[in-house]
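Written out below as structure tokens is the structure these notes cover.
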Amino acid sequence: MKRKNKTNNPKKIIIGAILAIIIWILTFYLYTTYSNIEIHTEEYEATRTQYTPSVQTVENVEQESKKVADIIEETTRKVVGISKLKNTGNSILSKSTESELGLGTGIIVTEDGYILSNAHVTGEKYSKCYITLENGNNYDGTVVWSDTDLDLSITKINAKNLEYVTLADSSQIRVGETVYAIGNPIGFEFRRTVTSGIISAKNRTIKIEETDKSSYMTDLIQTDATINPGNSGGPLIYPNGQVLGINTVKISSAEGIGFAVPINIVKPIIESLKGTGSFEEATIGIYAYDKEVIPYLNNHSNVNFEKGIYVAQITKNGPSDNTELKEGDVITNIDNLSLNTMNDLRQYIYTKKPNDEVTLKITRGKINKEIKIKLGKK
């Protein structure tokens, strides 16, 4: 039997031709594409992104330190020495000790010679004391205002064109802020000593034990800046030189606990003296406490209130006597100003004059009332 020869399938021939054409086209495309790519052989330099630290450089810290030092140096020129005893030498800041001369500190608050200090340094209203300025000039001073409850006083000397301090807003202080205390701690050798610290706390209340009575100082600024007896009456300042308080007392049984009276309380008095040369002090005629003092009072331990001023006693024949105000009332507002501390009340009364009328909002148990009172003269 004769075997037939194989013949090519036409379909296979066509498919093979198409594949060959496709492969050729792809080969040609790839060759022409990659042959036109430029290969750059230059070297590229890799660098780190520059990091600017958020902390100050050593140079900036030094500049800031010098700036603060300049401000403190300028402020010390406005700090004075005060004594109750007139020294026979050229200056009260003599080599006598603080205890011998009753030496204390004050600050100039107006260009015409008003000096702010502590009441326990200068004495009562109309008493005399002796002032030495930073330049060594001595002056006789007369106390024109004094409040032993606040332990603040203002003395007038006959001088003009004095450099005076700038007062801060003590209602804005914050715990942890840096402060400096300036004063004459223990006599001539250590006059105008500067110590630094922070605001440790605010709105502090302390009990002052004296020979025949106890009293309370409220709304105080606590600081760990070193305060010694001769620092009394000196300024507690911010790094910008603004005065936020007047140094007053320290806790003798502990280190790093000193107190200053907030400056806002005395601003209305300074403004009045600066503008008119006089200050006529009004009074509402009550003894009152804020809630920070109540725990110290044995006979009022059951008193409980969230805000306001507790009326502990009404002064006999005073402005509030024979009015609707009663002992045990809590004053929450005066002329729509909210009250939380005794200094809130004092500061507002200092802006008024005797015979001005004020409106009190009080609570008495579940009763709320408004009471009008005409202020008297202290």
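The values are calculated or read from the model by the stated rules, or taken from the named source; none is laboratory data. Quick caveat, the model's predicted, so the values are computed rather than measured. So basically every Cβ, Gly included, is an ideal-geometry build from the backbone, and we count neighbours across all protein chains shown. Please note that ligands, DNA and RNA were not included when accessible areas were found on the heavy atoms of the full protein model with its side chains. Shrake-Rupley method; radii C 1.70, N 1.55, O 1.52, S 1.80 Å.
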For region 209-223, enumerate the residues that are within 23 Å of Ile173 (Cβ to Cβ) and open to solvent by 40 Å² or more (accessible area, probe 1.4 Å).
Tyr216
So, in region 148-171, exactly how many residues are touching a Leu at 6+ places or on another chain (Cβ under 9 Å) and in a helix (DSSP H, G or I)?
1
Residue match in region 312-324 (condition: hydroxyl-bearing (Ser, Thr, Tyr) and under 23 Å from Lys213 (Cα atoms))
yes
Does Leu325 fit the bill of being under 27 Å from Ile263 (Cα atoms) and of a type in the set (A, V, I, L, M)?
no
Would you confirm whether any residue within region 209-228 is touching a Ser or Thr at 6+ places or on another chain (Cβ under 9 Å), touching a residue at least 12 places away in the same chain (Cβ under 8 Å) and of a type in the set (D, E, K, R)?
yes
Condition check for Lys128: more than 17 Å from Lys84 (Cβ to Cβ) and surrounded by fewer than 21 Cβ atoms within 10 Å (Cβ to Cβ)
no
Can you pull out the residues in region 191-208 that are farther than 16 Å from Leu150 by Cβ, among the hydroxyl-bearing types (Ser, Thr, Tyr) and touching a Ser or Thr at 6+ places or on another chain (Cβ under 6 Å)?
Thr195, Ser200
Tally of residues being at pLDDT 90 or above and of a type in the set (Phe, Trp, Tyr) across region 252-308
3
